[in-house]
Amino acid sequence: ADGSAGASASGAHAPSAARVLLDNVRERMRAAGTADFGLGKATDFSLGSAHGQSNIAVARLLQSVLLALLEVEIAQPGEDALDRAIGLYATHTEVTSLLRGGGKDEGGKGGKVAGGKAAAGGSKGGAPKSAPPSSFPLALATSARLLKLASLGAAQASELDDGSDVLHAPRGEPLLRCAVLSAQRACESLDGVARTEAACTLLPLLLAEAEFAATRALRSASERGKEKEEKMEEKKGKGKDDKKDDKAAKEGAGRPYGAVVLDAFEAITKATTDRVSLGAMLRVTLASADADKGAAAVAPFAGSMRSRPGAATARRAQGGVAVETPASAAAAVSEMLRSRLEPLLARLLHSEGANLNKEADACLRIVRSLGARLPAELAGAHAEWALTTCREAPTEGVSVPVARALIAHWVQLSARAHSASLQPALDLLLEARPHVGCIPSTGEDEVEDLSQLPSPHGFQLLHDGNAMALAQPALDRIEEVIGEVEHTLVVLKRVIPAIKETTKNGSDAEEPNNGALHPALELQRVTLLRVLSLEESLLALTTLTLAPGPAEHAMRCIEKLYRALSAMFALAPAVTKLHIQIVEMHWQRLSRNVYNLLTYLAGESESENLNRKRTKREMRLVPALIFRLEHFEGLLVRLSKKWKTDLTSQMRRSTARDFRINLATLNGQEAKENEDPPKRKKKKATSSPAQSEDEAGEYVEDMDEEAGVA
């Protein structure tokens, strides 16, 4: 009994003794550095010697102690604890850099170090470069507390209008970066409800940090602008030195803190594929930027998320608890874009010389990722915002990748809001036309002239130097629609033969006996309408003076279109009005524009002033495109006999070629054909319709292999 009483008494005093010991270690480590532990740039960290292994063990032990003390300091109140935490992390970073960079090798030969690289003084590889630490060792709770303290400190500093924010100072920013990246890694390692709850805690803090970083960057840029104006006269003789200093400062800064925060926000939201979980996360983010409130707000959704998949929709009322649904999740995405992310992106784009392109690019990736999850009924309002932003964004200060991504976001949302319309692609090509230029008309044919159409929106982002680069989303959209047509052909190849036996030869396929259109014929009709919707965009594209890269892209799209048209016409059981419209589009407008484009490209390459040099891929694409054009025209000749409909009344002889026809060989071949018996000619003529169907089947089979269709 006495022994147990003594043990309990000693146990009661143990916590206080441990606390005293911890406080003693904290005070001693506050002023300690790596040199106090015998570690430095000249220290040997090679695995080939006992001394090096001993130094590695000391460094690893020191890292563990620093991390433990770092978590203790972050849990303490007051700015002094934050100062000590920042100092501990700086020491931890220094130790990690020493281990990554290695140490001296007394033998003069290369050896392995703790980081897995050759030690300094290696034989062939030379001294390894010292790399920053790539591990983010903070726990999730510690990272969340740091971000919360940073948000509170930023709010207090803005209210007091002073520089008392310790964590956002240059000395404390590395610790904040480590907290952001540690939180991202920790959240990605979780699954299910635990991951959603962690994201609900982190996303409000990350978004608040991103908004504060943007405000601070804009304020700093404004202050620098005022200082430059005041000291412009004093720095006239030192302009070159100042530019060198600015360049060195930018190179040493690395990725801005605001971009790092937005990258973490994007990684967490993009990895959340479940709409219900994403809606809960964004709704909590909109509700509050406080981590405690965020964790409490996700509780009503936890029950429905645990019962997934499939059962959450059926259990929308469980004891009066609100359950997130796909519709409400889409509304949360729309509200997040409208109230928080789109205003933030607008501020970053109108930075007025602050050079916030990295932050704008990271924010735009989040906006595009969330915008891709919007339904058609909600995408229209955000497409209008994107269009307004494209109109008002300044010409200077916005990089080409950011401007192109912004325009692509507008095209994407507009296509979803208006039933996959191609009007945004046409508008974008017309916007680029004044800056790119138009191919001069030959005057031989009355081709529809789109060069006189006005610019529909007046984008300030476009100028002569970047117009074609920013018009790339229009070409991508055209290629996407052509790809949809190609994939539809795979289905048509399987269903069209089933109705060919029931369709009378030469009858109108749009008027079946039962009055209802067959599903296969309806699919064919929709596909033909989709091809006709490409006309205006392709006409606008083929009238532009394209650079080598866009010219290759345009020719590749047109070649794929005519390849698909050949297969589509060969599969058709009978001619329809839509087939006639496509034939008229080819003869009257599209083929003429394509030949004019090829003639222009050939003339530019053969001119003495080679401002535009043709690439090898372009030289290969020209004969392939001409072959597809003439193959389609030859198919129309054969189908005219099969369908007993004149599809060649507006045919004209093509002249634009990138190769030469040997007339002597052609005449000799014609003489041999004249000597052949008539029976052989008759056999060859009667096999042409079947030949066209075989060609269509071979084309679709090739597409099956490319698409991976069984």
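Quick notes on this structure:
- Only one of the numbered conditions (1) farther than 29 Å from Gly254 by Cβ; (2) hydrophobic (A, V, I, L, M, F, W, C); (3) part of a helix (DSSP H, G or I); (4) under 19 Å from the mean Cα position of the chain (by Cα) is not met by Trp385, and that is (4).
- Test for Ile439: is it surrounded by 16 or more Cβ atoms within 10 Å (Cβ to Cβ) and at pLDDT 90 or above: no
- Exclusive hit being out of contact with any Cys (no Cβ under 7 Å at 6 or more places or on another chain), aliphatic (A, V, I, L, M) and not in a helix (DSSP H, G or I), set Val333, Val398: Val398
- First in region 43-60 and within 14 Å of Val95 (Cα to Cα) and of a type in the set (Val, Ile, Thr), second anywhere and assigned to a helix (DSSP H, G or I) and modelled with pLDDT of 85 or more, Cβ under 8 Å, 6 or more apart: Thr43/Asn55; Thr43/Leu98; Ile56/Leu99; Val58/Phe37
- Residues located in region 47-65, provided they are part of a helix (DSSP H, G or I), under 15 Å from Leu99 (Cα atoms) and not polar (S, T, N, Q): His51, Gly52, Ile56, Ala57, Val58, Ala59, Arg60, Leu61, Leu62
- Flag set for Gly310, criterion: at pLDDT below 90 and out of contact with any helix residue (DSSP H, G or I) (no Cβ under 6 Å at 6 or more places or on another chain).
- Look at (1) out of contact with any Ser or Thr (no Cβ under 9 Å at 6 or more places or on another chain); (2) open to solvent by less than 10 Å² (accessible area, probe 1.4 Å) and you find that Gly458 fails only one, number (2).
- Among residues of region 384-401 that are over 21 Å from Leu337 (Cα atoms) and open to solvent by less than 50 Å² (accessible area, probe 1.4 Å), those with a Cβ under 8 angstrom from a residue that is among the acidic types (Asp, Glu) and part of a helix (DSSP H, G or I), sequence gap 6+ or separate chain, pair up as Ser399/Asp361.
Yes or no, residue by residue, for (1) of a type in the set (Lys, Arg); (2) open to solvent by 50 Å² or more (accessible area, probe 1.4 Å); (3) at pLDDT 90 or above:
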| position | (1), (2), (3) |
| --- | --- |
| Ala199 | no, no, yes |
| Leu203 | no, no, yes |
| Glu209 | no, no, yes |
| Glu233 | no, yes, no |
| Lys250 | yes, yes, no |
| Val260 | no, no, yes |
| Ala264 | no, no, yes |
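- Of all residues in region 359-377, none are modelled with pLDDT under 90 and surrounded by 19 or more Cβ atoms within 10 Å (Cβ to Cβ).
- Failed condition for Lys226, given (1) modelled with pLDDT under 85; (2) assigned to a loop (DSSP other than H, G, I, E, B): (2)
- In region 273-282, the residues that are open to solvent by 10 Å² or more (accessible area, probe 1.4 Å) and either out of contact with any Pro (no Cβ under 8 Å at 6 or more places or on another chain) or under 26 Å from Leu218 (Cα atoms) (or both): Thr273, Asp274, Ser277
- Scope region 183-197; condition of a type outside the set (Asp, Glu) and surrounded by fewer than 22 Cβ atoms within 10 Å (Cβ to Cβ); matching residues: Arg185, Ala186, Ser189, Leu190, Gly192, Val193, Ala194, Arg195
- Figure legend. Inter-residue proximity from region 171-192: first residues more than 17 Å from Glu79 (Cβ to Cβ), second residues of a type in the set (Val, Ile, Thr), beta-carbon distance below 7 Å, spacing 6+ or different chains. Indicated pairs: Pro174/Thr93; Arg177/Val260; Val180/Val260; Val180/Val261; Gln184/Ile268; Cys187/Ile268.
- Contact annotation: residue pairs with Cβ atoms under 6 Å, 6 or more positions apart or on different chains, pairing a residue in region 566-587 that is open to solvent by 10 Å² or more (accessible area, probe 1.4 Å) with a partner that is of a type in the set (Val, Ile, Thr), are Leu571/Ile496; Pro573/Thr503; Val575/Thr645.
The values are calculated or read from the model by the stated rules, or taken from the named source; none is laboratory data. Fair warning: this is a prediction, and the values are worked out from it, not measured in the lab. Glycine gets a Cβ as well: all are built from the backbone with ideal geometry, and neighbour counts include every protein chain shown. Heads up: the accessible areas ignore ligands, DNA and RNA and are worked out on the full protein's heavy atoms, side chains in. Shrake-Rupley method; radii C 1.70, N 1.55, O 1.52, S 1.80 Å.
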